[in-house]
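To start, the structure under review is shown below, and the notes come after it.
The values are calculated or read from the model by the stated rules, or taken from the named source; none is laboratory data. Everything numeric here is computed off the predicted structure, so don't read it as measured data. Here Cβ is always computed from backbone atoms with ideal geometry, including for glycine, and neighbour counts include all displayed protein chains.
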Amino acid sequence: MGKKMSNLSNSMEEYLKKLLTLSTAGSIDIRRKELASKFSCVPSQVNYVLETRFTLEKGYLVESKRGGKGFVRIRKIQLPAENILAMFFQDIMAGRINESKVRGLIQRLYESKYISFRESKIMEAALESLKIIKDELLREKLRASLFHEMLLMLVKITL
């Protein structure tokens, strides 16, 4: 992805998060076409931002209503850390959790104050080191195993 697209994605993400912060309902309704017009882009770029920046593991629920009066509703969801981890437990145990999900989960754990900023950066650094492994399947298995062990350690420390 080029620098221009990255800047566009960052700007759109910041704008939508600001709207969410200002929302008393805890959600916002947007129209792809209007948002694309505001940012001088095509609706598929709006879809890209919604699909990569507003995921469940990052704490967002995105509902899409199609049709003439179609809109996209973005809702920030607040779940305890235990519920967040339970949602992805099977993926973690099966050894098939991808990098973006792990990063999203670490961010959620930090935002919910389950881990400190420092702990989140240590976890990210440890997982980042797996990039030297070329075999994607092996890398996913190691990522899941490493993340699982980190979570077990966190649970032990908090007991």
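In table form, for the structure just shown:
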{"read-out": "Tally, over the range 82-138, of residues that are at positive phi and touching a helix residue (DSSP H, G or I) at 6+ places or on another chain (Cβ under 8 Å)", "value": "1"}
{"read-out": "Matching residues, the range 26-47, being closer than 16 Å to Phe71 by Cα and free of Cβ contacts under 8 Å to residues at least 24 places away in the same chain", "value": "Lys33, Glu34, Leu35, Ala36, Ser37, Lys38, Val42, Pro43, Ser44, Asn47"}
{"read-out": "Extreme residue, farthest from Ile77 (Cα to Cα), among residues of the range 5-20 that are modelled with pLDDT of 90 or more and loosely packed, with under 12 Cβ neighbours inside 10 Å", "value": "Glu14"}
{"read-out": "Residues satisfying the stated conditions in the range 85-141, i.e. among the β-branched types (Val, Ile, Thr), modelled with pLDDT of 85 or more and surrounded by 15 or more Cβ atoms within 10 Å (Cβ to Cβ)", "value": "Val102, Ile106, Ile115"}
{"read-out": "Hits in the range 113-152 (condition: outside any helix (DSSP H, G or I), free of Cβ contacts under 8 Å to residues at least 24 places away in the same chain and either more than 15 Å from Arg96 (Cα to Cα) or not acidic (Asp, Glu) (or both))", "value": "Lys113, Ser116, Ile133, Lys134"}
{"read-out": "Residue list for the range 27-59, filter: out of contact with any helix residue (DSSP H, G or I) (no Cβ under 8 Å at 6 or more places or on another chain), closer than 30 Å to Ser112 by Cβ and of a type outside the set (A, V, I, L, M)", "value": "Asp29, Glu51"}
{"read-out": "Those residues of the range 91-120 which are of a type outside the set (D, E, K, R) and under 18 Å from Leu142 (Cβ atoms), in sequence order", "value": "Ile92, Met93, Ala94, Gly95, Ile97, Asn98, Ser100, Val102, Leu105, Ile106"}
{"read-out": "Filter result (hydrophobic (A, V, I, L, M, F, W, C), in a helix (DSSP H, G or I) and surrounded by fewer than 14 Cβ atoms within 10 Å (Cβ to Cβ)) within the range 21-50", "value": "Leu22"}
{"read-out": "The range 142-159, residues that are of a type outside the set (A, V, I, L, M) and buried (at least 17 other Cβ atoms within 10 Å of the Cβ)", "value": "Arg143, Phe147"}
